Amino acid sequence: MKGFDDKRDFYRMMLNSEVYVTVIDDEVNSHFLATCRDLSATGMAFEIEHPLAISTHVRVKIDSASSQVQALDVSGRVVRIEEESKNCYLIGITIEEID
């Protein structure tokens, strides 16, 4: 029997990087810093102090540590929210577009 991790099409890279998140809203786009925990070809998880609603559209930018490597700029949608502790939420997104 295959384990859960064996069913993944893409491996996750474990990270601990600061990312810039923009919540895409019709009225006001809010911006905040978050900590990216992991990244794969189809999704990402980041840690923030407040929850976001399922299906919220976001744009996430990870700056590159090298001038030879382009920053990662993705758009996606919230698919998972886990409260890890008081004022600590792990937000999972599916990546819908890479710029």
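Observations, loosely collected:
- Each residue of region 38-43 is assigned a 3J(HN,Hα), and the resulting list reads 8, 8, 9, 5, 10, x Hz, derived from the Karplus form 6.51 cos²θ - 1.76 cosθ + 1.60 (θ = phi - 60°), x at Gly and Pro.
- Given 15 as the ceiling on other Cβ atoms within 10 Å, longest exposed-site-free region of the chain for GluC sites (Glu not before Pro) in DSSP loops: 50-99
- Loop sites here are trypsin sites (Lys or Arg not before Pro) outside DSSP states H, G, I, E and B with no more than 13 other Cβ atoms within 10 Å. The longest part of the chain free of them is 9-85.
- Using the Cβ-Cβ distance between residue 54 and residue 13 with R0 set to 35 Å, the FRET efficiency works out to roughly 0.90.
- Vicinal HN-Hα couplings computed from phi for region 22-37 (Karplus, 6.51 cos²θ - 1.76 cosθ + 1.60; Hz; Gly/Pro x): 10, 7, 7, 9, 5, 9, 9, 8, 8, 10, 7, 8, 9, 10, 6, 8
- More than 11 Å apart - percent of Cα-Cα pairs taken over region 21-62: 70 percent
- Under the Karplus curve 6.51 cos²θ - 1.76 cosθ + 1.60, θ = phi - 60°, whole-Hz ³J(HN,Hα) for region 74-89, x wherever Gly or Pro sits: 10, 10, x, 9, 5, 10, 8, 9, 10, 7, 8, 6, 4, 6, 9, 10
- Using only side-chain charges placed at the Cβ, +1 for Lys and Arg and -1 for Asp and Glu, the dipole size of the chain relative to its Cα centre rounds to 340 debye.
- Positive dipole terminus of the chain, leading residue within 32, 53, 17 (C-beta point charges): 17
- Candidate values (i) 0.98; (ii) 1.05; (iii) 1.38 were compared with Rg/Rh (Cα atoms, Kirkwood Rh) computed on the shown model; the agreeing label is (i).
- Taking amide H as placed 1.01 Å from N in the peptide plane, the amide H of residue 40 sits under 5 Å from that of 13, each at least 5 places away or on another chain.
Just so you know, all these numbers are worked out from the coordinates, no wet-lab data involved. The structure displayed is predicted, hence computed values, not measured ones. Methodologically, a virtual Cβ is constructed for each residue, glycine included, from the backbone with ideal geometry; neighbour enumeration extends over all protein chains shown.
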